[in-house]
Each structure stands twice: as structure tokens, then as C-alpha cells.
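One structure below.
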Amino acid sequence: MGQALGNVLPLAVAIAVFPVPIIATVLTVGSNRGRAKGLVFVLAWCVGLTVVGALVLAFADGVDASDHGETATWVAVVLLALGVLLFAAAIKQWRGRPTAGREAPIPSWMRAIEDFTMAKAFGAGFALSALNPKNVLLVIAATLEIAALGLPASEEIAALLVFVVIASVGVFAPLVLSVALGDRSRAPLDTLRNWMALNNATIVAVLFVVIGAKLIGDAVTAFFS
């Protein structure tokens, strides 16, 4: 299982530092009944990642992602395609970044977080993890990396759960800070939110380049192993 965790760690960290979910968590914990809604948001986020990962893992195991302990050719092709897709997305993010000193506009659903009910907080957390194309691409890649090793089912599940925990550190952090510091957390969380909103496109572009290169490298290694 150690190899599986090593393979998916960069992908989990990339998801963990995506700015938009962190910004959404900061806004949620700063709203009315924010800590309760923040907990619901974070739990829904974890559920979303787990559901997507479990579905991909079940599919990959069903069609033999591992060929006698080696990565199946079709998995290498998918990883290569995902890597190229991430490079293309990185270029789009970089070109769409706001000009220096200007913050990208906040989506309308984020502005409505203050009025979210518990159900809407759950829906937002689930949607950001399970329906967000950026997240889904990385979860698919990570789950295929796990499935390609041909591990026992119990180890695959354990690796997936560890991946979900690491990928959730970013959304957990504002909630933990809010609980630990109370009202004193407002200033550092607002600073974090503003910085991430300003640099969102740049952060995502860099992450996509790094992860895209990793996936392409993993695919090339599989082709020639």
C-alpha cells in the first residue's frame, strides 16, 4: 500500500490546496451558525470524494486496471490523456487570470453562502468535490493509480480513504482554526480567503502543470515497463 500512497500523495495535496473549496469553507464558517454548517460542508466534501473514488475503483477493478501487477495499457492511455488535459487546463487558467492587483469576481453562489441552510451547505460541499471537473479529474487519476497496482481490495480501500483524508486537509483547516480560535480566527481566515481569491488562477495553473507532468511521466513509465 505504501507505493499506492506515494503515487497518489501529489494528487491529494493538489486537491487539498485548490483555492475555491477553501474560500467556500472560510465563507461558510464565517456565516451564521458557521461552525455547524462548516462541519456539514466538510463532511459532504469527504463524502463526495469517497463516492467518486469508490465508483472509479469499482470500475477499474472490474475491467482489470492491473495486468499481473503492472499498469494495464488502457490505464496508461487514460493517465496520458488526463495529463495532456491538465496541461490544456493550465494554459486556460493562466490566460484567464485577472490582471495584477485585480481579484476575480466571486461566483454568485459564494455570495449567497451567508444565507445557506444546512442542506445547502451539504449540497455545496458535495458538489465542489464530486461534481467539480477539476476535482473529478484528479480523483479519477488517483484512483486509477491505486487500481493499477493490483492490491487486495482491503488495501485499495485503505489507500483511497487515506487519499480522501489528505485531500480534505484544505477544507478542514478553516473549520479547525475557527473552532480553536473562535472570533480570533476571523482575521487570518479573511486574509487567507483574499489571498487565494486573488491568486486562484495562478495556483491552479501551477498545480495542473505539476500534476499533468506527473501523470504523463507515470503513463510513459507504464508504456515502457
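The values are calculated or read from the model by the stated rules, or taken from the named source; none is laboratory data. Remember, it's a predicted structure, so these values are computed and weren't measured experimentally. Note that we place each Cβ from the backbone using ideal geometry, even for glycine, and neighbour counts take in every protein chain shown.
Scanning the range 22-71 for residues that are of a type in the set (Lys, Arg) and surrounded by fewer than 22 Cβ atoms within 10 Å (Cβ to Cβ) yields a count of 2.
All but one of (1) buried (at least 17 other Cβ atoms within 10 Å of the Cβ); (2) assigned to a helix (DSSP H, G or I); (3) modelled with pLDDT under 95 hold for ILE211; state the number of the condition that does not hold. It fails just one condition, (3). None of ALA72, ALA65 is in contact (Cβ under 8 Å) with a residue 40 or more places away in the chain, farther than 28 Å from THR202 by Cβ and either in contact with an Asp or Glu (Cβ under 8 Å, 6 or more places away or on another chain) or among the aromatic types (Phe, Trp, Tyr) (or both) except ALA72.
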